[in-house]
Amino acid sequence: MDQMILFLLFAATMLAAWLGRRALAFGLFGLSLVLSVADYLHHATDRLPLSF
Amino acid sequence: MTPRLAVTLNALGLYGIALVLVAAFVFQVALQELPCPLCLLQRVAFAALAVGPILNLRFGPRPSHYALSLLAAVLGAVFAMRQVLLHIAPGDPGYGSAVLGYHYYTWAFICFAAAIVLIAAILLFDRQFSAPGDAPRLGLFEKAAVWLVIGVTAANVLAVFAECGPSVCPDNPVSYWILQGS
């Protein structure tokens with residue numbers, strides 16, 4: 001779900017940019033980027049099954 | 001480089017990003033391999049990479065728009081490099097199938113590194129910024145690129161929901177959440 005929200009936010013950012021809302025697009029981009037980093041920090045320590 | 005040429009190159013960049021996201025979908029379905037959270041984050045970074053070119057098409061080329069793409073590319077490279085390092089130990093076969101000898105995350109790192117170099121290169125041409133405030137006149141080629149990349153990003157929203165449902169994606173997904181009830 002976390003990545004779904006990120007995709008949704010970036011899709012909204014693209015739409016805002018395309019519809020001429022430049023300031024809104026920049027704001028949404030910043031928010032999405034910060035949330036992406038937070039999600040990365042959550043998953044960076046995922047336990048992966050070692051296969052060797 | 002004229003503003004017109006810069007707009008065309010930005011549209012080509014959008015087609016490139018859409019191609020990468022569609023290719024990831026094709027491999028996901030054809031090879032029946034579910035993307036892990038780190039893989040999905042790399043796709044998110046590819047979507048983020050598209051915001052700068054869309055702003056360039058809508059408002060004309062500006063350094064601040066390229067800056068957004070640079071931030072997205074650096075972040076994507078960090079995500080991809082993290083996954084490369086997770087599988088760098090000798091004997092580790094990697095996550096998922098290899099395509100042309102490299103795994104997806106390695107290709108993702110190469111793509112993000114290439115994007116950083118290309119954006120830096122295009123920033124060298126000052127003449128594209130000569131007419132700030134003039135929105136470029138766009139043709140079907142540019143408009144289709146924007147809608148294609150927005151459509152592919154929206155499709156990713158649905159794909160991630162189908163895979164993970166309303167909860168956090170598992171570290172090592174083995175089946176689609178939407179198919180678990182059937």
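The values are calculated or read from the model by the stated rules, or taken from the named source; none is laboratory data. This one's a predicted model, so the numbers in the text were calculated from it and none came from an experiment. Cβ coordinates were reconstructed from backbone atoms using ideal geometry, including for glycine residues, and neighbour counts include every protein chain displayed. To get the accessible areas, we keep the full protein, side chains included, count just its heavy atoms, and leave off ligands, DNA and RNA. Shrake-Rupley method; radii C 1.70, N 1.55, O 1.52, S 1.80 Å.
The figures follow:
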{"read-out": "Residue count for region B:87-112, restricted to those that are assigned to a helix (DSSP H, G or I) and farther than 22 Å from A:LEU35 by Cα", "value": "5"}
{"read-out": "Search result, residues across region B:156-182 that are among the hydrophobic types (A, V, I, L, M, F, W, C) and open to solvent by less than 40 Å² (accessible area, probe 1.4 Å)", "value": "B:VAL157, B:ALA159, B:VAL160, B:ALA162, B:CYS164, B:CYS169"}
{"read-out": "Scan of region A:1-31 for residues that are under 20 Å from B:ALA159 (Cα atoms) and either among the acidic types (Asp, Glu) or facing another protein chain (nearest Cβ under 7 Å) (or both), ordered by number", "value": "A:MET1, A:ASP2, A:GLN3, A:MET4, A:LEU6, A:PHE7, A:LEU8, A:PHE10, A:ALA11, A:THR13, A:MET14, A:LEU15"}
{"read-out": "Positions within region B:133-150 being open to solvent by less than 80 Å² (accessible area, probe 1.4 Å), part of a helix (DSSP H, G or I), touching a residue at least 24 places away in the same chain (Cβ under 8 Å) and more than 9 Å from chain A (Cβ to nearest Cβ), in sequence order", "value": "B:GLU142, B:ALA145, B:LEU148"}
{"read-out": "In region B:98-132, the residues that are among the polar types (S, T, N, Q) and either closer than 21 Å to B:GLY16 by Cβ or open to solvent by less than 40 Å² (accessible area, probe 1.4 Å) (or both)", "value": "B:THR106, B:GLN128"}
{"read-out": "Of all residues in region A:32-46 being assigned to a helix (DSSP H, G or I) and open to solvent by 80 Å² or more (accessible area, probe 1.4 Å), the one that is nearest to the other protein chains (Cβ to nearest Cβ)", "value": "A:HIS42"}
{"read-out": "Tabulated pairs, region B:106-125, first over 12 Å from B:PHE46 (Cβ atoms), second of a type in the set (D, E, K, R), C-beta under 6 angstrom, 6+ apart or interchain", "value": "none"}
{"read-out": "Residue match in region A:1-9 (condition: outside any helix (DSSP H, G or I) and either of a type outside the set (S, T, N, Q) or closer than 13 Å to B:ILE150 by Cα (or both))", "value": "yes"}
{"read-out": "Selected residue (only one of B:VAL117, B:VAL157 is at pLDDT 90 or above and under 15 Å from the mean Cα position of the chain (by Cα))", "value": "B:VAL157"}
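The rows are residues; the columns are (1) without any contact (Cβ under 8 Å) to a residue 40 or more places away in the chain; (2) within 12 Å of the chain's Cα centre (by Cα).
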site	(1), (2)
B:PHE59	no, no
B:ARG62	no, no
B:LEU68	yes, no
B:ALA77	yes, yes
B:ALA89	yes, no
B:LEU100	yes, no
